[in-house]
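Asker: So that we are looking at the same thing, I have put the structure below in structure tokens.
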Amino acid sequence: MNEQQDQTRCFVQAKLTEFSNRVSQGYHKPVRSFFKDMLMGICGTGEPSLHNIAKFIQDNTSTKKTSERLYRNIRRENLAEDIEGILTDLIRPQVTDDTLFIVDDSDIAKPYAKCMEGCGKVYNGSESKSTNGYLLMYIFALLTKQDGYSLLPASSILFSPAIELDSAKQVLQDRIVDQQIAFRNRGTYVFDRAYDDRKLIGFLVNNGVSFVIRGMGKRAIKEGMIEKNFKAEVENMKFDYEFPGLREDEVLHCAERRIGVRTDDHPSKKSSSVETSLVVVRKYRKDFHQGKDFYLLCDFGDPNMTEKELIAKAIDTYKRRWAVEEVHRQVKQSMKWEDMRLKSYRGMKNLNAFMTLAVYFIYKLKD
């Protein structure tokens, strides 16, 4: 068993060295060495502690000196932005029209942090309350394979509202634009209902981005110069399509129509709007209506798609969004993502970027 473990360890180290050399091309030798140390340390210790990474690294120097070197390098300018570009280059050859980009936000809770730069109030979803910390904006690429799918991180941005000049929404939109240019407008972006935002919907439609957003069911529907009540319009829709549910005795009754969404903040006769598709799903078990209606706002940019095909694609696309939850559990629990601690905000952004690069390597290694 020990021999098998040694062989596995040597294999992983060789692959990680190869990966590190690939992603650090173009940097000077000290930075390339730093890349290798960070990736080896995070994968070897399973956590983002620079002190533990320094103890793990065998470089014939004291832990103190190694720690000082790591702390000095982790504060390099533009390192997080460079790694975002590296991730894009890694993902690009694998992206197809069927690729899903699952957008989700999270947080790094630091309730007792007093000296960490940029720490501010964020919403802690796991505890359903506000706390001190940073925002995390994820984009994961779900790539179809012959034997299933592969889930790889395509972007992870640590964000402090107290420091950044742009809003989190603007940073996300800029990232989507960069990716769409790199991926030649391929793939579909998938959002939870927290992203049911008129500005985001307008941005996606106007930029020709394929998307599915779970709607909150509170938005008025604009037709011409008039805005109509959302629930009243839904009741007038014809639920002509049926699809199998998740259980044997479950049936989904579905309807679809094109709607107008106001993109200006305030309603007026001259307010701007965009058109998108609204898919409404009602769940039935043994002919009895179960739960509330489920709303999906979507646009796939295919005028030849039938109503039934659009509904089926919207439901299937959003259903696969839940795959991202397993990643959250792994990075927050197994890899102790929330244990990151640095006084420097730039250092925190860079450390988060290296964590994302390490997660990419681990998930890709399964292939």
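The values are calculated or read from the model by the stated rules, or taken from the named source; none is laboratory data. Quantities reported herein were computed from a predicted structural model and do not represent experimental measurements. Please note: Cβ atoms are built from the backbone with ideal geometry, for glycine as well, and neighbour counts cover all protein chains shown. Calculation scope for accessible area: heavy atoms of the full protein, side chains included, ligands and nucleic acids excluded. Shrake-Rupley method; radii C 1.70, N 1.55, O 1.52, S 1.80 Å.
Asker: Does the range 181-191 contain any residue that is open to solvent by 70 Å² or more (accessible area, probe 1.4 Å) and over 23 Å from ASP89 (Cα atoms)? Even if it seems obvious, please write down each step before you answer.
Answerer: We begin by selecting, within the range 181-191, every residue open to solvent by 70 Å² or more (accessible area, probe 1.4 Å); these are 181, 184-186.
Okay, now just the ones that are also over 23 Å from ASP89 (Cα atoms), so none.
Looking for residues that are open to solvent by 70 Å² or more (accessible area, probe 1.4 Å) and over 23 Å from ASP89 (Cα atoms), one finds none in the range 181-191, hence no.
Asker: Test each condition in (1) under 20 Å from GLN333 (Cα atoms); (2) of a type in the set (Ser, Thr, Tyr); (3) in contact with an Asp or Glu (Cβ under 7 Å, 6 or more places away or on another chain) for THR66 and report the one that comes out false.
Answerer: (1)
Asker: Further question: I'd like the full set of residues that are open to solvent by 10 Å² or more (accessible area, probe 1.4 Å) and touching a Leu at 6+ places or on another chain (Cβ under 8 Å), limited to the range 123-139.
Answerer: Scanning the range 123-139 gives LEU135, MET137.
Asker: Restricting attention to the range 279-327, which residues are more than 22 Å from MET216 (Cβ to Cβ), at pLDDT 85 or above and β-branched (Val, Ile, Thr)?
Answerer: If the condition is that a residue be more than 22 Å from MET216 (Cβ to Cβ), at pLDDT 85 or above and β-branched (Val, Ile, Thr), then THR306 is the only one that fits.
Asker: Does the range 328-349 contain any residue that is modelled with pLDDT of 90 or more, basic (Lys, Arg), in contact with a Lys or Arg (Cβ under 6 Å, 6 or more places away or on another chain) and assigned to a helix (DSSP H, G or I)?
Answerer: In the first step, residues of the range 328-349 are kept if they are modelled with pLDDT of 90 or more; the result is 344-349.
Checking which are basic (Lys, Arg) leaves us with 346, 349.
Remaining after also requiring in contact with a Lys or Arg (Cβ under 6 Å, 6 or more places away or on another chain): 346.
Filter once more, so that each one left must be assigned to a helix (DSSP H, G or I): 346.
Checking the range 328-349: at least one residue is modelled with pLDDT of 90 or more, basic (Lys, Arg), in contact with a Lys or Arg (Cβ under 6 Å, 6 or more places away or on another chain) and assigned to a helix (DSSP H, G or I).
Asker: To continue, here is another question. Take the range 231-256 and flag every residue that is farther than 18 Å from GLY291 by Cβ, open to solvent by 50 Å² or more (accessible area, probe 1.4 Å) and part of a strand (DSSP E or B).
Answerer: Result: TYR241, single match.
Asker: Output the number of residues of the range 115-134 satisfying the condition of being at pLDDT 75 or above and outside any strand (DSSP E or B).
Answerer: Residues flagged as at pLDDT 75 or above and outside any strand (DSSP E or B) within the range 115-134 amount to 5.
Asker: In the range 350-367, how many residues are aliphatic (A, V, I, L, M) and open to solvent by 10 Å² or more (accessible area, probe 1.4 Å)? Explain how you work it out, then say what you get.
Answerer: Here is the first cut: in the range 350-367, the ones aliphatic (A, V, I, L, M) are 351, 353, 355, 357-359, 362, 365.
Then keep just the ones that are open to solvent by 10 Å² or more (accessible area, probe 1.4 Å); that gives 362, 365.
Residues in the range 350-367 being aliphatic (A, V, I, L, M) and open to solvent by 10 Å² or more (accessible area, probe 1.4 Å): 2 in total.
Asker: To continue, here is another question. Scan the range 281-320 residue by residue and report those that are free of Cβ contacts under 8 Å to residues at least 24 places away in the same chain and hydroxyl-bearing (Ser, Thr, Tyr).
Answerer: Within the range 281-320, just THR306 meets the criteria.
Asker: Mind checking whether some residue in the range 9-20 is in a loop (DSSP other than H, G, I, E, B) and not β-branched (Val, Ile, Thr)? Give the derivation first.
Answerer: Applying the first criterion (in a loop (DSSP other than H, G, I, E, B)) to the range 9-20 yields none.
Within the range 9-20, none of the residues are in a loop (DSSP other than H, G, I, E, B) and not β-branched (Val, Ile, Thr).
Asker: Taking the condition of being among the charged types (D, E, K, R), open to solvent by 40 Å² or more (accessible area, probe 1.4 Å) and in contact (Cβ under 8 Å) with a residue 12 or more places away in the chain, how many residues in the range 140-177 meet it? So that I can check it myself, show each step before the final result.
Answerer: Pass one, the range 140-177, residues among the charged types (D, E, K, R): 145, 147, 164, 166, 169, 174-175.
The next check asks that each one be open to solvent by 40 Å² or more (accessible area, probe 1.4 Å); those that pass are 145, 147, 164, 166, 169, 174.
Going one step further and asking which of them are in contact (Cβ under 8 Å) with a residue 12 or more places away in the chain, we end up with 169.
Looking only at that region, the number is 1.
Asker: Can I ask one more? Which members of the range 163-186 meet the condition of being under 20 Å from ASP97 (Cα atoms), outside any helix (DSSP H, G or I) and not polar (S, T, N, Q)?
Answerer: The answer is PHE183, ARG184, ARG186.
Asker: Another question, if that's okay. VAL205 is checked against (1) farther than 12 Å from THR276 by Cβ; (2) assigned to a helix (DSSP H, G or I); (3) open to solvent by 30 Å² or more (accessible area, probe 1.4 Å); (4) touching a strand residue (DSSP E or B) at 6+ places or on another chain (Cβ under 7 Å) and fails just one. What number does that condition carry?
Answerer: Among (1) farther than 12 Å from THR276 by Cβ; (2) assigned to a helix (DSSP H, G or I); (3) open to solvent by 30 Å² or more (accessible area, probe 1.4 Å); (4) touching a strand residue (DSSP E or B) at 6+ places or on another chain (Cβ under 7 Å), the lone unmet condition for VAL205 is (1).
Asker: Select from the range 86-114 the residues that are open to solvent by 30 Å² or more (accessible area, probe 1.4 Å), in a helix (DSSP H, G or I) and out of contact with any Leu (no Cβ under 7 Å at 6 or more places or on another chain) and list them in ascending order.
Answerer: Of the range 86-114, the ones open to solvent by 30 Å² or more (accessible area, probe 1.4 Å) are 89, 92-94, 96-98, 105, 111-112, 114.
Then keep just the ones that are in a helix (DSSP H, G or I); that gives 89, 92-94.
Matches in the range 86-114: ASP89, ARG92, PRO93.
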